[in-house]
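Before any comments, here is the structure.
The values are calculated or read from the model by the stated rules, or taken from the named source; none is laboratory data. All values derive from a computational prediction rather than experimental measurement. Here the Cβ is made from the backbone with ideal geometry for all residues, glycine too, and neighbour counts use every protein chain on show.
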Amino acid sequence: MNIVILLGAPGSGKGTIAGKLAAEHDNLKHVSSGDLLRGAVAKGTPAGVEAKGYMEKGNLVPDALIAQMIKDVVAETTGDITMLLDGFPRNLAQAKILEEMGAPIKSVVLVDVPDEVIHDRIAGRRTCPKCKAGYHVKALPPKVEGICDKCGAELVIRKDDNPETVKDRLVVYHRETEPLIKYYEEKGLLRRIDGDQGPEKNAEAFLAAM
Ligand code: ADP
Ligand code: ZN
């Protein structure tokens, strides 16, 4: 098993790219820290109960909480698999925790999208609460409005996708996560792709870069 890290702002489309590639390639596995956390919140596990308040405000949850979840997934992933790690690490402390887990990092791909584009994207974002598929009312609409193509569930707007929280999440991204760009650049692991080419081309560019 090895790891490809997806770096990018909230709404940069990294989850869409990773989901699409994992669906198309048996050896790729999409691991989203946000999905793991939302799953824990929905189930009401102790970690979920602790994470909920941070997430609703658009703040990062404590490093140890998310790190333990990632550690568990890394431990259960073996064989000829490349893990597309989406949403973790989100700050320097988490990057160091990931290194201590010992799984080799193959590359880090930055999905580059300007802040203005991000605001529009998040405003149109819809999510399937059941199978976690992501949609956009304009850029990636489901075949039937409001209904998940894959499982038929009714799509929802995530609680933290309201404009005020989005602003806070972007602030957190610039302050906490952006320093990782330089960190991985210095390690010679960083690649960049233009994340504003549409879902199909974004995924192609990502696959070529990783
Ligand atoms: P987005 O990338 O669109 O902001 P995510 O689904 O990745 O959304 O994350 C949603 C929320 O989950 C974040 O705003 C944060 O509260 C929490 N979260 C996700 N990953 C991490 C992480 N690595 N460290 C701390 N908090 C996280
Ligand atoms: Zn679904």
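Just wondering, is there one or more residues in region 197-209 that are of a type in the set (Lys, Arg) and over 19 Å from the mean Cα position of the chain (by Cα)?
Checked region 197-209: no residue is of a type in the set (Lys, Arg) and over 19 Å from the mean Cα position of the chain (by Cα).
Go through region 23-45 and give me each residue that's within 15 Å of ligand 2 (Cβ to nearest atom) and either more than 22 Å from Lys159 (Cα to Cα) or touching a strand residue (DSSP E or B) at 6+ places or on another chain (Cβ under 7 Å) (or both). Give the derivation first.
First pass over region 23-45, keeping only residues within 15 Å of ligand 2 (Cβ to nearest atom): 23, 30, 32, 35, 38-39, 42.
Once the filter is applied, which keeps residues that are within 15 Å of ligand 2 (Cβ to nearest atom) and either more than 22 Å from Lys159 (Cα to Cα) or touching a strand residue (DSSP E or B) at 6+ places or on another chain (Cβ under 7 Å) (or both), region 23-45 yields Ala23, His30, Ser32.
Which condition number in (1) polar (S, T, N, Q); (2) more than 14 Å from the chain's Cα centre (by Cα); (3) crowded, with 17+ Cβ neighbours inside 10 Å is the one that Asn2 fails?
For Asn2, the exception is condition (3).
Within region 188-210, restricting attention to residues that are surrounded by 15 or more Cβ atoms within 10 Å (Cβ to Cβ) and among the basic types (Lys, Arg), which residue is farthest from Asp112 (Cα to Cα)?
Step by step, filter region 188-210, then rank; the result is Arg191.
Let's see how each residue does on (1) more than 18 Å from Asp35 (Cα to Cα); (2) within 13 Å of ligand 1 (Cβ to nearest atom); (3) free of Cβ contacts under 8 Å to residues at least 24 places away in the same chain; (4) more than 16 Å from the chain's Cα centre (by Cα):
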position	(1), (2), (3), (4)
Leu85	no, yes, no, no
Ala93	yes, yes, no, yes
Ile105	yes, no, no, yes
Asp115	yes, no, no, yes
His119	yes, yes, no, yes
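For region 26-33, state whether one or more residues are within 15 Å of ligand 1 (Cβ to nearest atom), touching a residue at least 40 places away in the same chain (Cβ under 8 Å) and among the hydroxyl-bearing types (Ser, Thr, Tyr).
The answer is yes; a qualifying residue exists.
Does Ile118 satisfy the criteria of being away from ligand 2 (no atom under 15 Å from the Cβ), buried (at least 20 other Cβ atoms within 10 Å of the Cβ) and at pLDDT below 95?
Yes.
State all residues of region 155-205 that are over 15 Å from Leu6 (Cβ atoms) and polar (S, T, N, Q); if no residue qualifies, say none.
Asn162, Thr165, Gln197
Exactly one condition in (1) in a helix (DSSP H, G or I); (2) surrounded by fewer than 17 Cβ atoms within 10 Å (Cβ to Cβ); (3) modelled with pLDDT of 95 or more is not met by Glu56; state its number.
(3)
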